[in-house]
Amino acid sequence: MPDAPIKTLGLNHFFGSGDARKQAMFDINMDITRGSLTILMGPSGSGKTTLLTLIGCLRDVQDGSVQVLGQEVRGASEAMLVSLRRRLGFIFQAHNLHESLTATQNVLMGLQVHGGGDPVRQRTAAHHILDLLGLADRRDYLPGNLSGGQKQRVAVARALVSNPEIILADEPTAALDKESGHNVVKMLKTLGDKRGTTTVMVTHDPRILEMADRIITLEDGRIVSDTHP
Ligand SMILES: Nc1ncnc2c1ncn2[C@@H]1O[C@H](COP(=O)(O)OP(=O)(O)O)[C@@H](O)[C@H]1O
Ligand SMILES: [Mg+2]
């Protein structure tokens with residue numbers, strides 16, 4: 001297990017081509033410690049989502065280096081990228097729950113990408129994580145019958161149920177009230193302490209900043225501040 005499960009070196013990124021080609025990331029260098037909670041901040045359009053998707057192997061690395069769990073992502077084979085993505089947990093703004101599946105079934109989707117496994121144990125794991133997120137009495141609800149905050153917590157449960165080594169979260173608490181937002185981040189912090197899970201999270205929520213081990217601020221695709229509060 002590498003001590004820095006996420007590393008970038010001289011990372012640049014461009015969108016568009018020809019005259020429309022525009023640089024969105026400029027010389028990003030970072031080294032994220034195992035088990036830590038890092039918060040990415042910065043104004044809209046500063047590159048937070050782009051950086052998260054590059055780390056998440058969801059976008060081609062064009063220039064510079066991204067290393068995830070000890071593997072170089074740039075130029076890696078599709079098979080390697082798939083196996084890396086399976087070790088990550090994603091919580092994105094649009095929570096993308098399946099409307100025809102219950103909360104429990106949606107959480108089970110977080111295990112199905114891994115294939116195999118004992119269905120009874122998987123169900124128990126899904127229930128356990130839903131309970132931890134305060135959704136014990138909502139297990140069998142369809143997303144249409146859940147509030148925005150409850151749906152967001154189902155998406156968090158789906159990301160966590162497979163015990164990912166890295167969690168990448170894009171404003172996971174935006175739809176949550178103060179208490180559930182705090183609970184979600186507390187849970188991520190506990191996972192960091194207990195299992196060494198590394199979290200990188202985009203948030204603007206000032207109440208969460210104090211829980212971070214590290215705060216990286218982007219502006220116009222550049223790191224403009226990097227602090228360990
Ligand atoms: N798919 C895309 N095509 C073209 N430009 C993009 C695309 N995605 C992001 N950008 C541009 O890259 C910059 C960073 O965007 P983004 O990473 O979404 O910022 P943030 O998440 O901080 O709001 C912005 O200027 C945005 O317009
Ligand atoms: Mg964004």
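The values are calculated or read from the model by the stated rules, or taken from the named source; none is laboratory data. Given the structure is predicted, the values throughout are model-derived calculations rather than measurements. Neighbour counts are summed over all protein chains in view; Cβ atoms, including those assigned to glycine, are modelled from backbone coordinates with ideal geometry. Ligands, DNA and RNA are stripped out before the accessible areas are found, and what is left, the full protein with its side chains, is counted by its heavy atoms. Shrake-Rupley method; radii C 1.70, N 1.55, O 1.52, S 1.80 Å.
Being within 17 Å of the chain's Cα centre (by Cα), at pLDDT 95 or above, surrounded by fewer than 18 Cβ atoms within 10 Å (Cβ to Cβ) and in a loop (DSSP other than H, G, I, E, B), is that true of even one residue in the stretch 22-33? The answer is yes, given that some residue of the stretch 22-33 is within 17 Å of the chain's Cα centre (by Cα), at pLDDT 95 or above, surrounded by fewer than 18 Cβ atoms within 10 Å (Cβ to Cβ) and in a loop (DSSP other than H, G, I, E, B). Name the residue that is farthest from Ser180 (Cα to Cα), counting only residues in the stretch 209-222 that are more than 16 Å from ligand 2 (Cβ to nearest atom) and among the aliphatic types (A, V, I, L, M). Applying the filter and picking the extreme gives Ile215.
Got at least one residue in the stretch 164-176 being among the β-branched types (Val, Ile, Thr) and assigned to a loop (DSSP other than H, G, I, E, B)? Among the residues of the stretch 164-176, at least one is among the β-branched types (Val, Ile, Thr) and assigned to a loop (DSSP other than H, G, I, E, B), which makes the answer yes. For Gln152, the test of being more than 16 Å from ligand 1 (Cβ to nearest atom), open to solvent by 70 Å² or more (accessible area, probe 1.4 Å) and either among the small types (Gly, Ala, Ser) or touching a helix residue (DSSP H, G or I) at 6+ places or on another chain (Cβ under 9 Å) (or both) is failed. In the set Gly117, Gly149, Gly89, only one residue is over 23 Å from Thr198 (Cα atoms) and within 20 Å of the chain's Cα centre (by Cα); that residue is Gly149. Of everything in the stretch 9-50 that's closer than 19 Å to Leu188 by Cα and among the small types (Gly, Ala, Ser), which residue is nearest to ligand 2 (Cβ to nearest atom)? Looking at the filtered set, the residue picked out is Ser36. Of all positions in the stretch 193-203, none carries a residue that is open to solvent by 40 Å² or more (accessible area, probe 1.4 Å), in contact with a Leu (Cβ under 7 Å, 6 or more places away or on another chain) and away from ligand 2 (no atom under 16 Å from the Cβ). In the stretch 172-192 there is no residue that is under 20 Å from Ile6 (Cα atoms) and of a type in the set (Asp, Glu). If you go through the stretch 165-187 and keep only what is away from ligand 2 (no atom under 16 Å from the Cβ) and open to solvent by 10 Å² or more (accessible area, probe 1.4 Å), you end up with Glu165, Leu176, Asp177, Lys178, Glu179, Ser180, His182, Asn183, Lys186, Met187.
So, in the stretch 1-21, of the ones that are more than 16 Å from ligand 1 (Cβ to nearest atom) and either surrounded by 22 or more Cβ atoms within 10 Å (Cβ to Cβ) or of a type outside the set (Asp, Glu) (or both), which residue ends up farthest from Lys194 (Cα to Cα)? Filtering first and then ranking leaves Gly10. Pairing each residue of the stretch 44-62 that is near ligand 1 (Cβ under 9 Å from one of its atoms) with any residue that is assigned to a loop (DSSP other than H, G, I, E, B), provided the two are 6+ apart or on different chains, yields C-beta distances under 7 Å for Ser46/Asp220; Ser46/Gly221; Gly47/Gly221; Lys48/Gly42; Thr53/Arg59.
Restricted to the stretch 204-229, and to residues there that are within 16 Å of ligand 1 (Cβ to nearest atom) and of a type in the set (A, V, I, L, M, F, W, C), the residue that is most open to solvent (accessible area, probe 1.4 Å) is Val224. The lone criterion from (1) surrounded by fewer than 23 Cβ atoms within 10 Å (Cβ to Cβ); (2) under 24 Å from Ala125 (Cα atoms); (3) among the basic types (Lys, Arg) left unmet by Arg158 is number (1). Look at (1) within 16 Å of ligand 1 (Cβ to nearest atom); (2) open to solvent by less than 40 Å² (accessible area, probe 1.4 Å); (3) over 17 Å from Pro164 (Cα atoms); (4) modelled with pLDDT under 95 and you find that Gln93 fails only one, number (2). Looking at this structure, is Arg74 part of a loop (DSSP other than H, G, I, E, B), surrounded by 14 or more Cβ atoms within 10 Å (Cβ to Cβ), basic (Lys, Arg) and without any contact (Cβ under 8 Å) to a residue 24 or more places away in the chain? Answer is yes for this residue.
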